[in-house]
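Here's the structure, in structure tokens; my notes come after.
The values are calculated or read from the model by the stated rules, or taken from the named source; none is laboratory data. Note that this is a predicted model, so its numbers are computed, not measured. No Cβ is skipped: glycine too gets one built from the backbone with ideal geometry, and neighbour counts run over all protein chains shown. The accessibility values were calculated without ligands, DNA or RNA, using every heavy atom of the protein model including side chains. Shrake-Rupley method; radii C 1.70, N 1.55, O 1.52, S 1.80 Å.
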Amino acid sequence: GIQQLANGKQPLNISYVSSDVSNYPLVKVYFTAEDNSGNAVTLSSPNVGIREIVSGGKEAEREVKSIEQLKGKEGVSFALVADKSGSMSYDLPQMQRIMSEFVDALDYRSGDRAELIAFDTYVMYMCTYTNEPQLLKNGINNMSAYGMTALYDALYLIHEEAVKDKDFYDRQFLILFTDGVDEDNKAKRTFDETRNLLKSHELPVYSMCLDYADSNAKDKLGEISRISG
């Protein structure tokens, strides 16, 4: 996060989200800009400086071509990943409610879209990418708790599919909902395999888990979010 002054008066918190280097040396950097109350702020001019670390660890000043607000210009793609293993039986209704509220809040007119992937012992698509909230909510409401926890298989599959979709890859985010109970993990993929894949592709993962989550699982979820950006 970076704090600077907007118009010389208002403190502004800028946080890096992700970047797209597919057209290097032209680089797109995605960020959030908020005031101290957490309200979104729209920047009207590129009054910021960007430096790139080049060979030898030196910093080189780079030109800022433009700053644009994403909302209303190009949609964002969200992969919603839901844990529906047996340990979620009590808390599944709460997760379904939260996911439904999130789906209703997306800006579909500006191009937002989402997909829903659930996992227990296996990984399954409940709804492929769509801009129809009712289709997403049908998938959310059709989930029932059962089986073990193939969390790493789900993350690995989604990342492999995401990098194939070059038109949307630089505007994709993954939101993981889980109870964080790790002792019954039955994934074929390991944590280390998943972590290495996340390191090689900048697809931000936001992890949401319940308060009683296993401490070991919390550490791993924190690591997943950190290394994915």
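Taking all protein chains together and a probe of 1.4 Å, list 30, 16 from the most accessible to the least accessible.
16, 30
So for 42, 178, what's the accessible-area order with a 1.4 Å probe, most first? Mind showing how you got there, number by number?
Working: 42 90, 178 10 Å².
Putting 42, 178 in descending order of accessible area: 42, 178.
At 0.36 nm per residue, minus the direct Cα-Cα distance, what do residue 227 and residue 60 gain on full extension? Give it in nm, one decimal, please.
This chain segment gains 57.6 nm when fully extended.
With every protein chain left in place and a probe of 1.4 Å, what is the accessible surface of residue 148, to the nearest 10 Å²?
Here the residue's solvent-accessible area equals roughly 80 Å².
Please give the FRET efficiency for residue 109 paired with residue 191, using the beta carbon to beta carbon distance and R0 = 45 Å, rounded to the nearest 0.05.
0.70
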